Amino acid sequence: MENKIGKTLNLELVGVDGNAYAIMGLFRRQARREGWSEQEIETVIEEAMSGDYNHLLSTIMIYCEPKDPEEEGD
């Protein structure tokens with residue numbers, strides 16, 4: 001699986017409600033906060049929904065790269 005957008009979000013999924021809809025909602029909200037276009041968001045969501053739950057998780061995880069809080073201050 002590849003990152004088709006070439007972007008990642010500052011989003012940590014550890015500790016998040018494991019419900020598929022909750023994960024997609026969190027992804028959507030963070031992507032909007034970070035200025036992603038609706039087309040970019042839909043590309044990821046459509047790919048995530050094209051398989052089972054494990055496919056959804058692995059797809060969303062490709063686009064999430066949480067930043068270390070110490071790095072953000074630089």
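Some notes on this structure:
- Helices (runs of 4 or more DSSP H) enclosed by the stretch 12-74 - at least 2 residues per element that are among the basic types (K, R) and either closer than 20 Å to M1 by Cβ or open to solvent by 70 Å² or more (accessible area, probe 1.4 Å) (or both): 20-33
- N10 falls short on exactly one of the conditions (1) out of contact with any Pro (no Cβ under 9 Å at 6 or more places or on another chain); (2) within 16 Å of M61 (Cβ to Cβ), and that condition is (1).
- M1 vs. criteria modelled with pLDDT under 95 and in contact with a His (Cβ under 9 Å, 6 or more places away or on another chain): yes
- Hits in the stretch 1-11 (condition: within 19 Å of Y53 (Cα to Cα) and open to solvent by 80 Å² or more (accessible area, probe 1.4 Å)): M1, E2
- Within the stretch 1-22, the set of residues being more than 21 Å from D68 (Cα to Cα) and of a type outside the set (S, T, N, Q) comprises M1, E2, K4, I5, D17, G18, A20, Y21, A22.
The values are calculated or read from the model by the stated rules, or taken from the named source; none is laboratory data. As the structure is a computational prediction, the values presented were derived from the model and not from experiment. Cβ sites come from the backbone with ideal geometry, for glycine too, and all protein chains shown count toward neighbours. Remember, those area values only see protein heavy atoms, side chains included, never the ligands or the DNA or RNA. Shrake-Rupley method; radii C 1.70, N 1.55, O 1.52, S 1.80 Å.
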